[in-house]
1. Looking at B:Phe54, B:Phe79 in this structure, which one is part of a helix (DSSP H, G or I) and more than 10 Å from every other protein chain (Cβ to nearest Cβ)?
2. Within segment A:57-82, can you find the residues that are under 19 Å from the mean Cα position of the chain (by Cα) and either facing chain B (nearest Cβ under 10 Å) or in a strand (DSSP E or B) (or both)?
3. So, in segment A:83-103, of the ones that are more than 7 Å from chain B (Cβ to nearest Cβ) and among the β-branched types (Val, Ile, Thr), which residue ends up surrounded by the most Cβ atoms within 10 Å (Cβ to Cβ)?
4. Among the numbered criteria (1) part of a strand (DSSP E or B); (2) in contact (Cβ under 8 Å) with a residue 60 or more places away in the chain; (3) not aliphatic (A, V, I, L, M), which one does A:Gln97 miss?
5. Within segment A:104-140, restricting attention to residues that are polar (S, T, N, Q) and farther than 24 Å from A:Met188 by Cα, which residue is farthest from the other protein chains (Cβ to nearest Cβ)?
6. Suppose we filter B:Leu26, B:Leu8 for residues that are buried (at least 20 other Cβ atoms within 10 Å of the Cβ), within 14 Å of another protein chain (Cβ to nearest Cβ) and either modelled with pLDDT of 85 or more or assigned to a helix (DSSP H, G or I) (or both); which single one remains?
7. Given the options A:Gly50, A:Gly22, name the one that is over 14 Å from the mean Cα position of the chain (by Cα), farther than 21 Å from A:Thr206 by Cβ and among the small types (Gly, Ala, Ser).
8. Restricted to segment B:145-175, and to residues that are out of contact with any helix residue (DSSP H, G or I) (no Cβ under 9 Å at 6 or more places or on another chain) and in a loop (DSSP other than H, G, I, E, B), which residue is modelled with the lowest pLDDT?
Amino acid sequence: MSSNKDLMIEAIDVNKEYRRAGAIIRALADVNLKIRSGEFAVIQGPTGCGKSTLLNVLSGLDLPDSGRIIFDGENIARATEDRLSRLRRQKIGFIFQDFNLVNTLTAIENVEAVLWPTVLRQKEIENRAITALRDVDLLDRKDHFPVQMSGGEQQRCGIARAIIHRPRVILADEATGNLDPESEKQVMDLLQKINKDMETTIIFVTHRDLSQYGTKTIRMDKGRITKVQ
Amino acid sequence: MWRKAILLSLREKKVFTVFTLIYMTLIFLTSLFIDLGLDGQLGQLAWYFVLIFFGVSLFLSLLYAWILVSRKRRVWATFKCIGYTNKNILVLVSGMIFFTTLVGFFVVIEVLFHYAAAVAYLTQASIVIEPKVLIDLVPVVTTSAIFIGVQILAFFLAYRKVLKVRPIIALKKVGE
């Protein structure tokens with residue numbers, strides 16, 4: 001098991017500031033963090049504490065003002081946009097709070113969309129999408145459009161989209177924020193299962209206490225990591 | 001990816017139908033006026049109309065590109081999050097614009113064929129005495145080719161707008 005615990009993401013002395021209405025907001029202040037492969041890290045903290053900024057920086061969606069982000073051995077803090085796109089396609093799966101499914105595409109097409117720019121044949125893409133939908137127990141809804149599905153089902157479709165390319169890391173930003181408690185439990189159980197079965201590293205950002213699902217809890221406040229347990 | 005652009009076009013039913021109908025009308029009118037100009041009818045006026053129609057087609061392409069990128073910013077941002085490069089998205093957007101024009105062209109061809117068939121039938125039945133092709137194929141093909149050429153400017157605009165779509169938008173709450 002210990003061989004599987006190699007370093008997946010490392011943030012070294014990361015700083016990030018925003019300018020809002022003339023005021024400078026320090027979103028991340030000297031953040032140092034290590035996420036090992038196979039971990040389920042829950043980043044927790046109140047609104048505005050910098051947890052989403054940290055997620056954005058870890059995924060290369062946003063650049064830090066200073067510091068380094070080592071993602072699977074590569075410093076992505078200064079990588080080109082194309083390089084970051086490829087990195088996300090190959091190694092990262094995203095789960096969004098608002099699901100972000102394309103309304104004009106069916107569930108299976110939404111999942112397949114991740115692999116459209118690849119060289120894979122349509123049949124192979126379809127097979128992978130079916131497997132991903134089966135993994136999230138949504139195969140019977142594969143031809144439904146997002147508006148025909150409940151919030152929980154849409155999020156499970158979002159999870160299928162996040163795992164179709166077997167990423168090394170799944171990043172989830174308030175992924176249960178728009179769900180009722182029952183759907184939230186389903187989604188968290190599902191993520192836990194993916195984490196265990198596929199050994200996918202998961203970084204889950206939330207303002208709620210969902211630490212019972214994670215193998216590591218990172219608490220943040222005012223742009224700083226206050227506790228790691 | 002081109003096939004997926006077609007899929008996305010067809011699913012955007014309202015926008016696709018409206019723009020196909022406008023392109024169809026424009027291709028028809030431009031071809032008609034080129035035909036009239038070549039026949040020496042209407043004199044210079046025919047060519048002025050042709051120029052106006054090309055101008056309108058340019059405006060239309062730019063408008064279509066702007067609508068496709070701006071209205072679907074969140075979709076493109078999400079696609080960037082899941083690993084699409086700017087070029088991947090441009091292929092989808094330009095494919096959607098190109099496909100709409102192409103459908104407009106084929107609808108015009110279809111209408112002209114049906115018109116020719118109807119006239120041929122009526123001539124045979126001696127209802128129409130002088131059979132006439134409404135518009136020759138050459139002006140229609142020329143018009144469509146120029147319309148597609150004009151779209152390169154729209155692709156350029158789309159690319160510039162796609163570059164400005166930041167993937168981080170996808171992570172913001174709806175309405176934020």
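The values are calculated or read from the model by the stated rules, or taken from the named source; none is laboratory data. Since the model is a prediction, treat every value here as computed from it, not as a measurement. FYI the Cβ positions are ideal-geometry reconstructions off the backbone, even for glycines, and counts take in every protein chain you see.
1. Working: B:Phe79 fails: more than 10 Å from every other protein chain (Cβ to nearest Cβ).
After ruling out the rest, the residue left standing is B:Phe54.
2. Going residue by residue through segment A:57-82, those that are under 19 Å from the mean Cα position of the chain (by Cα) are A:57-64, A:69-77, A:81.
Across segment A:57-82, the qualifying residues are A:Ser59, A:Gly60, A:Leu61, A:Asp62, A:Ile69, A:Ile70, A:Phe71, A:Glu74, A:Asn75, A:Glu81.
3. A:Ile92
4. Unmet for A:Gln97, out of (1) part of a strand (DSSP E or B); (2) in contact (Cβ under 8 Å) with a residue 60 or more places away in the chain; (3) not aliphatic (A, V, I, L, M): (1).
5. Taking the candidates together, the pick is A:Asn127.
6. Details: B:Leu26 fails: within 14 Å of another protein chain (Cβ to nearest Cβ).
Going through B:Leu26, B:Leu8 in turn, just one is buried (at least 20 other Cβ atoms within 10 Å of the Cβ), within 14 Å of another protein chain (Cβ to nearest Cβ) and either modelled with pLDDT of 85 or more or assigned to a helix (DSSP H, G or I) (or both): B:Leu8.
7. A:Gly22
8. For segment B:145-175, the residue satisfying everything is B:Gly175.
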